[in-house]
Amino acid sequence: MTATEERSDRPAERPRVAAVATRASIAIRERSGREVPQWLRDTAAGRPTTPPPDLT
């Protein structure tokens, strides 16, 4: 089995991993006193969102 085949059974993990990474990003921003955009909070909460065009 190749690495690609091994990962193909985990597509459901991607949203969960993205949410965890986003929560970490929010924590870093909050600790450093930076503003946390609402779209980032929506992503962490698992709500559908579209990032600003300059980040796509």
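The values are calculated or read from the model by the stated rules, or taken from the named source; none is laboratory data. Just so it is clear, the structure is predicted and the values come from calculations on it, not from any experiment. Protein only, heavy atoms only, side chains kept; ligands, DNA and RNA dropped before computing areas. Shrake-Rupley method; radii C 1.70, N 1.55, O 1.52, S 1.80 Å.
Here are the numbers for the structure shown:
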| item | result |
| --- | --- |
| Output for segment 9-56, where each listed residue is over 12 Å from the mean Cα position of the chain (by Cα) and small (Gly, Ala, Ser) | Ala12, Ala27, Ser32, Gly33 |
| Extreme residue, most open to solvent (accessible area, probe 1.4 Å), among residues of segment 8-42 that are under 16 Å from Pro52 (Cα atoms) and not in a helix (DSSP H, G or I) | Glu35 |
